[in-house]
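Enquirer: Below you'll find the structure I mean.
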Amino acid sequence: MEKKEFLKIIQTCRRRMNIAQFLEKSATALSISAGVGILFQAVALLVPLYYVNIYSGLALILGEVSVFIVMVIKRTTMEQAAFKMDRFGFEERIATAYENLDKEGTLVGLQREDAMKALQAHRDRIRISIWPSWKKAILCFSLLILLVGLSLIPSVAKDRAKELYSLKGEVKEKEEEIEEMLEALEQLQQEELTEKQQEALNDMAQSLEASLSEYQQAVSQEMLEAASQKLNYKYQDMSGQLSEIMQEIQDGANLSLATADALKAMEDRMKHSQGNGVNKEQGSSGEENGKDGSGRQGQDGDGNSDNGNGQEGQNGDGNSGNGNGQGSQGGNGQHGNGDAGNAPGNGAGNGSVNSPHDYVSVPNEIADSENLTGNAANHDTSEYFRAQNGLSWEGTHTSYDAVIGSYEQNAYEGIAAGRYPSGMEEIIKEYFASFN
Amino acid sequence: METLDRSRLQDPVYMAQQIAACEKEIQKGIIGQGGIIRQVMLAMLTGGNVLLEGMPGLGKTRLVSTIGRVFDLSFKRIQFTPDLMPSDVTGTNIIIKNEQGSSFSFERGPIFSNLILADEINRATPKTQSALLEAMQEHTVTVGNDSHALKEPFFVLATQNPIENEGTYPLPEAQLDRFMFKILVRFPSKEELKGIVALTEGSEAPVIEKQMDGEGLLAARTLVNQIPIADAVMNYLLEIVMETHAPNPYIREGASPRAAQSLIRAARAKAFLEGRFNVSFQDVKEAAYPVLRHRIIAGFDAISKGITEDEIIKNILDAKSALFEKI
């Protein structure tokens, strides 16, 4: 046997050992990774984790990458392969011969010759299996199947995770939009504007920052919608103010062209954003609310009140019949509700307003009830519970921000509609601004 | 009858065959002690000395005399007793009167032989023991101001009785270390005993023929020292010796560096005897027991639990083998 052939045999063994090690380690790594993935999936059944499938996949990929790195670092050497071959009854002949392959000497030469002779005669003894142990393979396979199975099981937490994810996306989109607006406002050459105009722009900036904060605090679809409605109204108001400023510019012509262009661009952008927001909301939440309104008619009639809409429907039904519930099909029954307690006739009219709210309106006569807790100073969410005619019902809890947002929106709408005495607008604005 | 071809003393294959033939020839004269013969042969091939521990009458003297005959080496037996003096072993200067007058002449003691059987070495005083042990280590004897080189090959086979302790001077650990092997001689089986009786009490004594001589044995030793050892095997061997120094409740003192040297030589010799020119893990494992058992000092825990040195060595070998199996 030639040296070359001797080396080739060792090399073949080495390759097989490397494959065997890779498969063995892969099975181990996949089992561990699958275990980790299963843990993620189990957690995701209880806790909203949108990226759970990606995490599980990453765990598997990470396991395999680790195996690959380990294999590169700790790959079988020729010496190890030679020793492995010696396990098949060669009594360390091959390893010794390999180590002394280039050495000269009587005994070294004889040893090499002896090793090659033995290898040639008993080469068939060498059997290096590349497959991992069946126990490990079965374990790995079972864990992978379990992982896939768990990933397919639906759960409330998974649905919630999806909802939160889409919410985050929308919030992010809105945040970017507001930040762009704020940037544009900052870039305006304010020294060219009158004091009043500057003040108006500062108010706009503050108002936008407040909206930004609202978006950042939004943890539910309701909060997001409330913030969006408020922002839309603000856009509408701001674009009106910007138009006024533009008009003043045209009248006075005391501005640089750049500032005028910037103002115009901002106004367009706000109108555009407002249009988008309205369309989007009408397209999504409007449809949802419509469904809610109609879907809950029966519930409302039965006196069930699982959520704000239902309760409002109930109130409406109790006082003014189906007008409210029907009205809420277009938007929701919240307003109808709020008004229905006091003025049944308003149900239908208010129900058509695209302003879904799910808080419970507290009648004036019990507003100071000791069952009502919380205060505006520490921004706590109030709880309200009331026993009426032997039936117990409980209002849906609505966060402080949503309630304040709703009231603020109504106030701004009132200002826009000219419902308040002149000169009170600023006081109202300052009042609501003090909450942000 | 001269059987050794002197022109082939450097031929490893031929020499391995000759050594194997010697072993076979020795087995003709000794029944049922194959393992002991093998270990004594290993010690001879590496120039080490052997301490045999066993009951009297197990054929120790016969073994040494047979070896002497097969290898054509001079043989002396020294019975150690408490009153044995160092000069009784090494020799002494005596006054010689002749025509020119009186002069001192060195009278050589029994140690000036190739093979020495130091029977019941632990019965002699430490002073006498030291005289022998110095000769074993240095292969020279110093009397007065003169040093006298011993004949090569020089090989000591000492025996000690494990049962009788009264009136004995157990060898200190440092001196035990000078013996390459400590071999435990077990009592023969019934079949072996039958063979021994037939051999010794029969009318025809077996004819033991010379197979080699001292020169051939020294040439074989040179070849044995050249046998290559793979790195992993060497590591395994060193790990075993190092492990005797690792914290272990059963070991009070571990083996000396001399143990590693002896282990390497013994493993090489074993491979050579088997006609192989490389050392295997198995060679190391088999050589570990006789090399280490007198170099490990058992701790209190081992003594109180009746755990022998061989069991401690087995545990070490098993632990280390498991690690090396993973290669």
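Enquirer: When a/c reaches 1.5 or more, the comparison of a/b and b/c decides; with that in mind, is the range B:194-242 rounded, prolate or oblate per its Cα gyration tensor?
Expert: On the way: a/c = 5.56, a/b = 1.98, b/c = 2.81.
Oblate, because a/c is 1.5 or more while a/b does not exceed b/c.
Enquirer: Of the beta bridges DSSP finds with both residues in chain B, what % are antiparallel, to the nearest 5? Walk me through the intermediate numbers first.
Expert: Details: 14 of 31 bridges.
Given both bridge residues lie in chain B, the antiparallel proportion sits at roughly 45 percent.
Enquirer: Under a 10 Å cutoff between Cα atoms, tell me which one of B:Ser262, B:Ser87, B:Ser105 has the largest fluctuation in the Gaussian network model of chain B.
Expert: B:Ser105
Enquirer: Same structure again: Principal axis lengths of the range B:167-215 from Cα atoms, whole Å, largest first?
Expert: Principal extents (Cα only, largest first): 45, 36, 21 Å.
Enquirer: Can you sort A:Asp159, B:Asp88 by how many other beta carbons sit within 10 Å, fewest first?
Expert: Listed from fewest to most nearby Cβ atoms, that is A:Asp159, B:Asp88.
Enquirer: Continuing with this model, one more query. So if we plug the beta-carbon distance of B:Ala198 and A:Leu62 into 1/(1 + (r/R0)^6) with R0 = 51 Å, what FRET efficiency do we get, rounded to 0.05?
Expert: Numbers: r = 75 Å, r/R0 = 1.46.
So, using R0 = 51 Å, E works out to roughly 0.10.
Enquirer: What distance in nm separates the simple spin-label points at B:Thr142 and A:Lys103, each placed 7 Å from Cα in the Cβ direction?
Expert: Roughly 3.7 nm, to one decimal.
Enquirer: Of B:Ile196, B:Ile95, B:Ile307, which is the most mobile in a GNM of chain B whose springs link Cα atoms less than 10 angstrom apart?
Expert: It is B:Ile95.
Enquirer: What whole-number volume per residue, in cubic angstrom, does the convex hull of the C-alpha atoms of the range B:227-325 give?
Expert: 84 Å³
Enquirer: Next up: Could you state the orientation-averaged shadow area of the convex hull built on the Cα atoms of the range B:1-42, in nm² to one decimal?
Expert: Working: hull surface 13.5 nm².
Approximately 3.4 nm², given one-decimal rounding.
Enquirer: Give, as a single signed number, the net charge of other residues whose beta carbon lies under 14 Å from the beta carbon of B:Ile26, with Lys and Arg counted +1 and Asp and Glu -1. Show your work: numbers first, answer last.
Expert: Numbers: positive: B:Lys24, B:Lys28, B:Arg38, B:Lys60, B:Arg62, B:Arg69, B:Lys210; negative: B:Glu23, B:Glu25, B:Asp72, B:Glu209.
The answer is +3.
Enquirer: Would you please calculate the Kirkwood hydrodynamic radius of the range A:164-221 over all C-alpha pairs and express it in Å, rounded to one decimal? Write down the numbers at each step before the final one.
Expert: Numbers: mean 1/r = 0.0804 Å⁻¹.
Taking the inverse mean of 1/r over all distinct Cα pairs, the range A:164-221 comes out at 12.4 Å.
Enquirer: Taking 7 Å along the Cα-to-C-beta vector as the label spot, tell me the A:Ser129-A:Glu248 distance in nanometres, rounded to one decimal.
Expert: 8.8 nm
Enquirer: Under a point spin-label approximation (7 Å from Cα along Cα-to-Cβ), what is the B:Tyr169-A:Leu152 distance to one decimal in nm?
Expert: About 8.8 nm separates the two model spin labels.
Enquirer: Calculate how large, on average over all directions, the projected area of the Cα convex hull of the range A:3-152 is; give the answer in nm² to one decimal.
Expert: On the way: hull surface 41.5 nm².
Seen from a random direction, the Cα hull of the range A:3-152 projects 10.4 nm² on average.
Enquirer: Could I ask something else about it? Rounded to a whole number of µm²/s, how large is the Stokes-Einstein D of the range B:1-93 at 10 °C and 1.306 mPa s, given Rh as the Kirkwood radius over C-alpha pairs?
Expert: D, rounded to a whole number, is 104 µm²/s.
Enquirer: Additional query: Give me the log10 of I(q) over I(0) for the range B:64-135 at q = 0.27 Å⁻¹, as the Debye formula computes it from C-alpha points; what are the numbers?
Expert: One equal scatterer on each Cα of the range B:64-135 leads to -1.13.
Enquirer: When Lys and Arg each count +1 and Asp and Glu each count -1, what net charge do the other residues less than 13 Å away from A:Val52, Cβ to Cβ, add up to?
Expert: Numbers: positive: A:Lys158, A:Arg160, A:Lys162; negative: A:Asp159.
Once positives and negatives cancel, what remains is +2.
Enquirer: Sort A:Glu426, A:Glu408, A:Glu222 so the one with the fewest other Cβ atoms within 10 Å of its own Cβ comes first. Don't jump to the answer; show the numbers that get you there.
Expert: On the way: A:Glu426 12, A:Glu408 25, A:Glu222 20.
Fewest-to-most Cβ neighbours within 10 Å comes out as A:Glu426, A:Glu222, A:Glu408.
Enquirer: Let me ask you something else. Which of B:Ile240, B:Ile163, B:Ile312 moves most in a GNM of chain B, Cα contacts under 10 Å?
Expert: B:Ile163
Enquirer: Please list, in chain and number order, the residues 5+ apart from B:Ile183 or on another chain whose amide H is under 5 Å from its amide H, with Hs placed from the backbone.
Expert: Result for B:Ile183 returns B:Leu51, B:Leu52, B:Glu53.
Enquirer: Near B:Ala149, within a Cβ-to-Cβ distance under 14 Å, what is the net charge of the other residues, with Lys and Arg +1 and Asp and Glu -1? Walk me through the numbers on the way to the answer.
Expert: On the way: positive: B:Arg108, B:Lys151; negative: B:Glu134, B:Glu138, B:Asp146, B:Glu152.
With Lys, Arg at +1 and Asp, Glu at -1, the neighbours total -2.
Enquirer: If each residue's Cβ is checked for other Cβ atoms within 10 Å, how do A:Tyr50, A:Tyr233 rank with the fewest at the top? Don't skip to the end; give the middle numbers.
Expert: Values: A:Tyr50 17, A:Tyr233 23.
Fewest-to-most Cβ neighbours within 10 Å comes out as A:Tyr50, A:Tyr233.
Enquirer: Consider all pairwise Cα distances in the range B:6-214 and report the whole-number % of them above 27 Å. Mind showing how you got there, number by number?
Expert: Numbers: 7989 of 21736 pairs.
Summing the P(r) of the range B:6-214 above 27 Å gives 37 percent of all pairs.
Every read-out reported here was derived from the displayed coordinates using simple, explicitly stated rules and does not represent laboratory data. Note that this is a predicted model, so its numbers are computed, not measured. All Cβ positions, glycine included, derive from the backbone under ideal geometry; neighbour counts span all protein chains shown.
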